[in-house]
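Asker: So that we are looking at the same thing, I have put the structure below in structure tokens.
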Amino acid sequence: MGDFSLIPTFVVFGAALLALILGLRWLRTRARRGIAARTGRLLPEPGDTTAGRPGTVQLGSAPPEIPGGAPVRLPLDDLLKQADIQLVRMDDAIRDAADELEFARAEFGDASIHEFTDALATARGRASEAFALKQQLDDAYPDTEQQKRDWAKRILGLSDAALALVTAQSRAFERLRRLETSAPDALRRVRDTVEGGRRRMPLATATLTELSDAYDADALASVSGNDTAAARAFDEAEILAAEAEASLATSSIAPVTRAVQSAEAAARTGLALLDAIERHRTALLEARQARRAALDAAATQLTEAARLRDSIEDADAVARIADAAAALQQAVATSRERRHAHPMADVDALSAAAAQLDRTLAVARTAQQRLDSAREALVGAVAIATSHIGTARDVISGRRTRVGTDARTRLAAAERELDLARAESDPVAALDGARRAATLATDADALARYDALH
């Protein structure tokens, strides 16, 4: 009997011990969640053997740790791939934010977008630095593995920072839009945008027809079919808008935000494709003017070459001047004899031949003559680079999801070279920079179109 009298005591102590264990586990879980909320990292559960394993790193996260606190060293190829992925994400986010900023300006006014404008400018500065580092990784100069690691980590840091800036601002305006703009109003704006875009379609098609009659097909490659692509974008916007309206007809609180945003994006894409046609038409007109200027400059340069060729005694220099002058004369003849105009190609050929002749004549010119010649050529070179950069930018924006980092990197490099050329006080160096910018922009255009086809 005495033995059974102890059973209630054991039951009480057992219940108390079980309650104590459960309480400790609850407190430990609550503490771990508090740390995760403050640091953004969830501590591993006891017995979790996956923590610290290679291959569990998430994009943009800190490297995993091993006992003792030493980070796992990622393979260089994996680190470079992460950097490439983040570059594309950052560049797309900045482009999306620029579109979003214009819509925010129209919806809420200039007074509400100052922080967004500043954040976008800061993000673009970080993007420029990140693409500059990508250019260093891709150039022909050998780099040590540590340099590549350092640059890749810096690219990841800059990309993450730029993404955070534009994402925070975009989310802020999304919240503001949800508070101040109803879904039906947004859908009416989509309808109005599509209607306005469709009214522009006949003019866009007529413009392309007019351009195709006047210019070589290669001169229109970047905008060929833009009217058809714009029509598809408008169709997509209308379908998405109709789906959202059908959802709202069923319930006034239906979750249609994603559909509305997709409809807005499709409508913006259609407008961007139509805008690109107009910009390209303007660029071609400017290229025609640049071509005339290049032909006039070539005539002057050939006269100078003939004068210098007859006035110098170095036989090798005479032969080099004669060869370079013949190449420029051939470019002039090709430009004048084209059946269908291609002013951009003509300007490129004239610019390249003129640059070669200019380098050849440099040995026979005085310093002041070289400066004067560079100043005259700089205006046309800047116009050419600006035109090529605009064309490449339109190609990347119109085919954004299919364009990789190579085209984007060269476009960023071209923009940097052009900015440096405009700020350069030495006209010779500025001219070289402007020509490099044009070459990089041409490469970006070609790479973007290659990516879009594959």
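The values are calculated or read from the model by the stated rules, or taken from the named source; none is laboratory data. All values reported here derive from a predicted model rather than from experimental measurement. So basically every Cβ, Gly included, is an ideal-geometry build from the backbone, and we count neighbours across all protein chains shown. Just the protein is used for accessible areas: all its heavy atoms, side chains included, with ligands, DNA and RNA removed. Shrake-Rupley method; radii C 1.70, N 1.55, O 1.52, S 1.80 Å.
Asker: Taking a probe of 1.4 Å, how large is the accessible area per residue of the stretch 327-454, in Å²? Each step should come with its number before you reach the end.
Answerer: On the way: 6140 Å² over 128 residues.
Result: 48 Å² of accessible area for each residue.
Asker: Under 10 Å from the Cβ of Ala294, count the other residues' Cβ atoms, weight Lys and Arg +1, Asp and Glu -1, and hand me the total.
Answerer: Numbers: positive: Arg291, Arg292; negative: Asp296, Asp346, Asp348.
Residues close to Ala294 contribute a combined charge of -1.
Asker: Can you compute the FRET efficiency between Arg402 and Arg307 using 1/(1 + (r/R0)^6), with r the Cβ-Cβ distance and R0 = 41 Å? Round to the nearest 0.05.
Answerer: On the way: r = 52 Å, r/R0 = 1.26.
Computed FRET efficiency for Arg402 and Arg307 comes out at 0.20.
Asker: Once a ≥ b ≥ c are taken as the square roots of the eigenvalues of the Cα gyration tensor of the stretch 139-225, is the result rounded (a/c under 1.5), prolate (a/b larger than b/c) or oblate (a/b not larger than b/c)? Before the final figure, lay out each step's value.
Answerer: Values: a/c = 7.48, a/b = 1.23, b/c = 6.08.
Oblate.
Asker: Rounded to the nearest whole Å², what accessible area per residue is found for the stretch 115-161 with the 1.4 Å probe?
Answerer: Working: 2510 Å² over 47 residues.
With the other protein chains kept in place, the stretch 115-161 gives 53 Å² per residue.
Asker: May I ask you to give the percent of accessible area on the stretch 311-429 that is carbon plus sulfur, with a probe radius of 1.4 Å? It would help to have the intermediate numbers written out before the result.
Answerer: Values: 2940 of 5940 Å².
Accessible surface attributable to carbon and sulfur in the stretch 311-429 totals 49 percent.
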